[in-house]
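Report on one structure; see the data block that follows.
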Amino acid sequence: MNQQFNNRLAVSTVWAKARSLEAAPHGPGPEAAAILAVLDQLDLDLVELEYRLTGEVIERLLPEFKARGWRVGSVHNYAPLPVGVPRDKASGDLFNLASPDRAERERAVAYTLRTMELASDLEAAAVVLHLGEVSGVVDKGVIRRAATAGAMTPELAAHMEKRAVHAPRHLDAVSFSLERLAERAAPLGVALGLENRYHAYQIPSLPELSILLERFSGAPLGLWYDCGHAWVHEQAGIVPASDWLSTLGPGLVGCHLHDAVGQDDHQAPGAGKMDWPALTAALAQAPLKVLEVASGAEAGQMRDGVAMLSEMFARAQDESKEASA
């Protein structure tokens, strides 16, 4: 994987979502200007493009990025937003890469390849993927209630049992998708980051990711660690957050950084209860480190978070060098 972005923090354009959506009805120019006005408030020169951006907005942003000396380090699937899809339907889960239905899966693969081509054109290092879901067990409340309770609930345990019945055929389906995508990833010069997800019905679980990485050993893909999602799973009693990194850390492609309290994640670093000293030590060698923070976070919070993480990562990297000397 391209190592050019190591030791640099990036910010996802998702932080500019509220401002950009307000400007969206006025056209791609005002929308791009609104995004830039938000991102300009941070002293960062590395950006992740997220899935709400249309092709027209991306075309407006890129010359401005170049003028500012900014680079695109990663692109979140599916980007650009497919033509005809309403903005309020934009999602990393827009298409299901794990669908047993071949036509649906082929569509997901086609649009993912489009994202990968965009990333390659921009010389970005990685594409962040949501691998899909186990259909028939979708429930967005069950893990939130367990995380709020701070433990595995009988309701969540039953949900997990039902998921286990249906999951194998979806895991096989997503393997078909990844086989196609992995074939193109190396020629395009991008790595595929397989993100650990928020909801229990989503793919992959930790055992499922282990299976996928073994199946595709040697391919340019690996874990994309979302610290908030891992936090929620730990709070809900599914798996300790640290297990993702201790098990799969050597194959780490990148990470999404944000704070969390209970079921609520995507907060500015320092605004929640995340153990940042431990996390920055564990993620010190992550090739890509992206702040993926909801648009409600204030600029001052974000600047404080950037300063805190920059200092902690620098300290962790120094300690790692000393330990290996």
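Bear in mind that the values in this text are calculations on the coordinates, not laboratory data. All values reported here derive from a predicted model rather than from experimental measurement. Using ideal geometry, Cβ is built from the backbone for each residue, glycine included, and neighbour counts are taken over all protein chains shown.
What is the distance in Å between the Cα centres of segment 161-232 and segment 1-69?
27
If each DSSP helix of 4+ residues adds -39,500 (n - 2.57) and the sum is divided by the residues in the chain, what number results at 222 nm, nearest 500 deg cm²/dmol? List each step's numbers first, then the result.
Working: 11 runs with 156 residues, N = 325.
Calculated mean residue ellipticity at 222 nm is -15500 deg cm²/dmol.
Which residues in segment 135-159 have a backbone N closer than 16 Å to a point placed 7 Å from the Cα of residue 169 along the Cα-to-Cβ line?
So the set is 135-138.
Read phi for every residue in segment 121-127 and hand back ³J(HN,Hα) as whole Hz from Karplus 6.51 cos²θ - 1.76 cosθ + 1.60, θ = phi - 60°, with x for Gly and Pro.
In residue order, the calculated couplings are 4, 8, 6, 6, 8, 8, 10 Hz.
Taking the beta-carbon count within 10 Å as an exposure proxy, list 48, 319 from fewest neighbours to most.
Values: 48 25, 319 12.
Least crowded to most crowded, the residues run 319, 48.
Shape of the chain from its Cα gyration tensor (a ≥ b ≥ c, root eigenvalues): rounded if a/c is under 1.5, otherwise prolate when a/b > b/c, or oblate?
rounded
Considering amide H positions built from the backbone, and no H for Pro or chain starts, which residues 5 or more places from residue 11, or on another chain, come under 5 Å of its amide H?
46, 47, 48, 291
For residue 53, list long-range residues whose amide hydrogen, built 1.01 Å from N in the peptide plane, is under 5 Å from its own amide hydrogen.
81
What net charge is computed for the residues neighbouring residue 74, neighbours being all others with C-beta under 13 Å from the C-beta of residue 74, Lys and Arg scored +1, Asp and Glu -1?
Residues near residue 74 contribute -3 overall.
Along the charge dipole of the chain, Cβ charges K/R +1 and D/E -1, which of 266, 108, 80 sits furthest on the positive end?
Checking the options against the dipole of the chain, the answer is 108.
Once amide H atoms are built 1.01 Å from N in the peptide plane, which residues 5 or more positions from residue 125, or in another chain, come under 5 Å H to H?
So residue 125 has HN proximity to 74.
To make sure I understand the rule: partners must be lysines, Cα under 21 Å from the Cα of residue 321, and not fewer than 8 residues away in the same chain. Which ones qualify?
Of all the lysines, those that pass the test against residue 321 - Cα under 21 Å, at least 8 places apart if same chain - are 289.
How would 312, 274, 152 line up from fewest to most surrounding beta-carbon atoms within 10 angstrom?
Arranged by neighbour count, lowest to highest, 312, 274, 152 become 152, 312, 274.
What is segment 28-123's relative contact order, in percent, from Cα pairs under 8 angstrom and six or more apart in sequence?
Reported as a whole number, the value is 27 percent.
With all distinct Cα pairs included, what does the Kirkwood hydrodynamic radius of segment 180-325 come out to in Å, to one decimal, could you say? Let's see the in-between values first.
Values: mean 1/r = 0.0624 Å⁻¹.
Over segment 180-325, the inverse of the mean reciprocal pair distance is 16.0 Å.
Need one word for segment 220-270: rounded, prolate or oblate. Basis is the Cα gyration tensor (sqrt eigenvalues a ≥ b ≥ c); a/c below 1.5 gives rounded, then a/b vs b/c decides.
It is oblate, given that a/c is not under 1.5 and a/b is not larger than b/c.
Do you know the relative contact order of segment 203-275, to the nearest whole percent, from alpha carbon pairs under 8 angstrom that are 6+ apart?
29
So in segment 171-300, what percent of DSSP beta bridges are antiparallel if you round to the nearest 5?
Counting DSSP beta bridges with both partners in segment 171-300, the antiparallel share is about 15 percent.
Give the peptides 37-43, 283-289 in descending order of average Cβ contacts within 10 Å, highest first.
283-289, 37-43
Taking only the Cα atoms of segment 94-144, how large is their convex hull per residue, in Å³?
Taking the convex hull of the Cα positions in segment 94-144, it is 88 Å³ per residue.
For a test of the definition: using alpha carbon positions, the gyration tensor, and the 1.5 limit on a/c, classify segment 256-325 as rounded, prolate or oblate.
Judged from the Cα gyration tensor, segment 256-325 comes out prolate (a/c at least 1.5, a/b above b/c).
In what sequence do 115, 153 fall when counting other Cβ within 10 Å, fewest first?
Ranked by crowding around the Cβ, least crowded first: 153, 115.
Hey, what did the chain get for relative contact order, percent, Cα under 8 Å, at least 6 apart?
19
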